[in-house]
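S.K.: The structure follows.
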């Protein structure tokens, strides 16, 4: 009982701090893990080797490999200027600025299904700024629409966003399972339905921009090699379930392998010595997010062993009763609200075992509640400027360009966008999986 109380207090305190502190996420969770380890080794009288080895066993290195590998491939893809070329070509064919912004948002969604969301924003931001300046209007709504679209579509595939990777690890889903699972349309189609609904909202918002587009300059592609690496990586991930049906190691190995090849290509563009380039490459890894993911796996593993997850499931079942539709909507919309302010990675990692356990107790499809959790927690971050890393980067980019973005400015686009996308995606999920 003492262990459960102590772990519960640490859990609540950690998530409360994460709600207000966005810059040192990994450090916060590792401090919490240290407290749990000290407690486990002293008050709980557990052997030292067990206090250390058990948490390390909770880390899913497959997910870490996917994250780092796709980061490297996406980085080379960005350097190749292929995404900028695509964006420029789309804008030049648009009949009006309003249509151009909607198309750019659609492209942001498409890219972020395979490329990190922040990178997508940085790729498309200069084009949006240039169009806005050509019209003499504020680029704030333009960049907000790009940021929220990139957050939405990152949920669609295994390699799009860390929450999708975490879901895959927890439920043993491979790349193909995100498209078709047990003969049914999976999360990819739910997200695309949500994307269509949200793009409709953006069209209504930007329909007043009927001016002709100030064409951005045509961008020359540095090389198509990184694009071919991205495509081949996706093909390899689609084939990998044949050799690794339990999603244990192969997906991570594939992503890291293609990432290394992409970095070797990128090395040819510079003049760094090999050792200096390797050092710089290692420094450029998003270590904060990587260490954060590792810490979250360890932390949630501790919560599970202490019985906190089961108690959370008990509390949720008391509210839901035997009403799956109530439970599904509660999971979706509470996740939207929580993720508007709290980082969705620790939230979804903690709640996935809860939703799985609830589905088992209610005798419904195993994937229904976890899919609802993924939709709500990933889309909820679109409501506020602090709800997702892409939002923070977009607002920061605007600030450096001399434009102020208020909470209300963001919510005017983010809120209707989120409501439309979440309602459409969750309705589709319920109809298919209930």
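The values are calculated or read from the model by the stated rules, or taken from the named source; none is laboratory data. Please read all numbers here as calculations on a predicted model, not as lab measurements. Positions of Cβ are generated from backbone atoms using ideal geometry, with glycine treated the same way; all protein chains shown enter the neighbour counts.
S.K.: Might you let me know whether the stretch 297-310 holds any residue that is out of contact with any helix residue (DSSP H, G or I) (no Cβ under 6 Å at 6 or more places or on another chain) and within 26 Å of residue 74 (Cβ to Cβ)?
M.R.: yes
S.K.: Right, next: What's the total number of residues in the stretch 390-422 that are in a helix (DSSP H, G or I) and out of contact with any helix residue (DSSP H, G or I) (no Cβ under 7 Å at 6 or more places or on another chain)?
M.R.: 11
S.K.: Quick check on this structure: which one of 143, 152, 124 is without any contact (Cβ under 8 Å) to a residue 60 or more places away in the chain and assigned to a helix (DSSP H, G or I)? Walk me through it before giving the result.
M.R.: Values: 143 fails: without any contact (Cβ under 8 Å) to a residue 60 or more places away in the chain; 152 fails: without any contact (Cβ under 8 Å) to a residue 60 or more places away in the chain.
Residue meeting the stated conditions: 124.
S.K.: Now, a different point. Has the stretch 175-186 got at least one residue that is at positive phi and at pLDDT 90 or above?
M.R.: yes
S.K.: Kindly evaluate residue 327 against the criterion of being farther than 26 Å from residue 116 by Cα and either surrounded by fewer than 20 Cβ atoms within 10 Å (Cβ to Cβ) or in contact with a helix residue (DSSP H, G or I) (Cβ under 8 Å, 6 or more places away or on another chain) (or both).
M.R.: In short, yes.
S.K.: Further question on the same structure: Does residue 125 qualify as being under 18 Å from the mean Cα position of the chain (by Cα) and surrounded by fewer than 24 Cβ atoms within 10 Å (Cβ to Cβ)?
M.R.: no
Here is a yes/no grid of residues against (1) at pLDDT below 95; (2) within 11 Å of residue 148 (Cα to Cα); (3) buried (at least 23 other Cβ atoms within 10 Å of the Cβ):
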{"site": "373", "(1), (2), (3)": "yes, no, yes"}
{"site": "381", "(1), (2), (3)": "yes, yes, yes"}
{"site": "397", "(1), (2), (3)": "yes, no, no"}
{"site": "400", "(1), (2), (3)": "yes, no, no"}
{"site": "404", "(1), (2), (3)": "yes, no, no"}
{"site": "407", "(1), (2), (3)": "yes, no, no"}
{"site": "412", "(1), (2), (3)": "yes, no, no"}
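S.K.: Please work out if residue 112 is modelled with pLDDT under 85 and more than 17 Å from the chain's Cα centre (by Cα).
M.R.: no
S.K.: Quick one: in the stretch 339-371, of everything that is within 19 Å of residue 417 (Cα to Cα) and either in contact with a strand residue (DSSP E or B) (Cβ under 9 Å, 6 or more places away or on another chain) or assigned to a helix (DSSP H, G or I) (or both), which residue is modelled with the lowest pLDDT?
M.R.: Residue satisfying both the conditions and the ranking: 344.
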